[in-house]
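Quick notes on the structure that follows.
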Amino acid sequence: MALTKATQNVIVPEIVTTNTTQTITGTKTFTSTIVGNTATTTKLITARTINGIAFDGTADITIPTGGGGSSSAKAWVNFDGTLVAAANLSGTYSQSGTTVTITTTTAHGLSQGQGISANFTTGTGVDGSFPVASITSPTVFTYIAAGTQTASGNVTLNRSSIRSQYNVSSVTFNQTGVYTVNFTTPMVDANYCPLMLIGDRIDGNGLIAKVALTTYEGVPLQKTIYAVRVAANGSSNLNSSENNVVIFGN
């Protein structure tokens, strides 16, 4: 008997009909082209970015224009210049399990949660960056290591001066009030615009900030795709505890 629309659901219930509601189960392989839209195509399963702007299909996005069509903040950083100037510490360490205890030769000036980077010159410690777990005394603190072991030796530390950042890998101290901001991802070119603002002054002269890109007290300053050297100066120079640098470019 030939199948018709009137008989197909009774004789062969697995056939997909064109005018009734059905629940289809199991794995189906289609060799023909599927046309039309479904109710679940309003959102991408995996969100994508368009020119750096997140897009998942659920809402419109606006692509910034101007400055060649892609001008935007390419890097920014908030850092403590007093820590950049006195970042290096040396001392000894001992590790029991995952707890590493550091005893520095001078006051460490750290706070709980602050970031440090460690370079182990002797012993079996693993170099890396870690947050401070606890403060025992002005010269003793602990952090939690990734691996478990019992070891001891010498260590050199670098206190993180960066509070928050985007596309900045580190800040290097050059001299009082002069720093190099190093980019994680290089700029497209060196024609970007760097801006700097400091948040305090100890000489009572108010907020005075300046980006120096040519020379500063005889020191050649650089502006490359990899880094920019900035300087905060006024009637007297200082290492400010609050430094904000933002880079705009293509």
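Nothing in this text is a laboratory measurement; each read-out follows from the coordinates by a stated rule. Note that the structure is a prediction, hence the values are computed from the model and not measured. FYI the Cβ positions are ideal-geometry reconstructions off the backbone, even for glycines, and counts take in every protein chain you see.
Details
- Förster-model FRET efficiency, 35 Å R0, ASP56 and SER96, C-beta, rounded to 0.05: 0.15
- Sorting the segments 111-122, 176-187 by their residues' average number of neighbouring beta-carbon atoms within 10 angstrom, most packed first, yields 176-187, 111-122.
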